[in-house]
C-alpha cells in the first residue's frame, strides 16, 4: 500500500511516501467493518451476561413479574438495530409479566432514537418504577449488571483504547 522510498541526488535522505489513496481508503473501510462486526459480537456476549445477571440477581419482590420481564438489551450500529436481546416473560404471584415485555421493548425503541451513530449497547429495565425500586427501596435491579458491563467493556476495549 504505502511505499516509502529514499531518494537520491538533490534531496538525499528525504522520505517520500507513495500511497495509493483509493487502496488505503478501501482497506480502512474493510478494517472498520471488521472492527464493528467484532464489537457487535462482543457486545452481544456482554448484553446477554448483563441481562442474565439482572434477571437472576434482582433482590426485589417481583409481584406481577413485569419488572423482571422488562429487562432487555439492544445493539445499534449507526442507529440501526443489529442485535435485539429478546425480553423474556416471567410470571409473578399476581401476574404473568406480559406488560413488562411490552414496556421493555417500548423503552428500548425510544432509547434507540438517542443514538444515531456509533456502536451502542443499551441494557434497560422498561418498567417506569425500576429506578424507584433501585434507588429508593435499595434493591438491585440493574446495578450489578451495570458494574459487570463496565468491567467487561473495559476488558474488551483494553486492546483498542489506551488510557490517557
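Read-outs: derived from the displayed coordinates by stated rules, not from any lab. What you see is a predicted model; the values in this text were computed from it and never measured. Glycine gets a Cβ as well: all are built from the backbone with ideal geometry, and neighbour counts include every protein chain shown.
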* Asked: Taking neighbour Cβ counts within 10 Å as the exposure measure, how do 71, 30, 46, 36 sort from fewest upward?
  -> 30, 36, 46, 71
* In which sequence would 62, 78 go, from the one with the fewest C-beta neighbours within 10 Å to the one with the most? -> 78, 62
* Let me have the relative contact order for the stretch 21-157, percent, based on Cα pairs under 8 Å that are six or more residues apart. => 28
* In the stretch 21-157, if every C-alpha pair distance is counted and binned at 10 Å from zero, what percent goes to each bin? -> 13, 38, 30, 12, 5, 2, 0
* Asked: So how much slack lies between residue 132 and residue 26, counting 0.36 nm per residue of separation and subtracting their Cα-Cα distance, in nm?
  -> 33.2 nm
* Structure fact -> A correct fewest-to-most ranking of 102, 27 by other Cβ atoms within 10 Å would be 27, 102
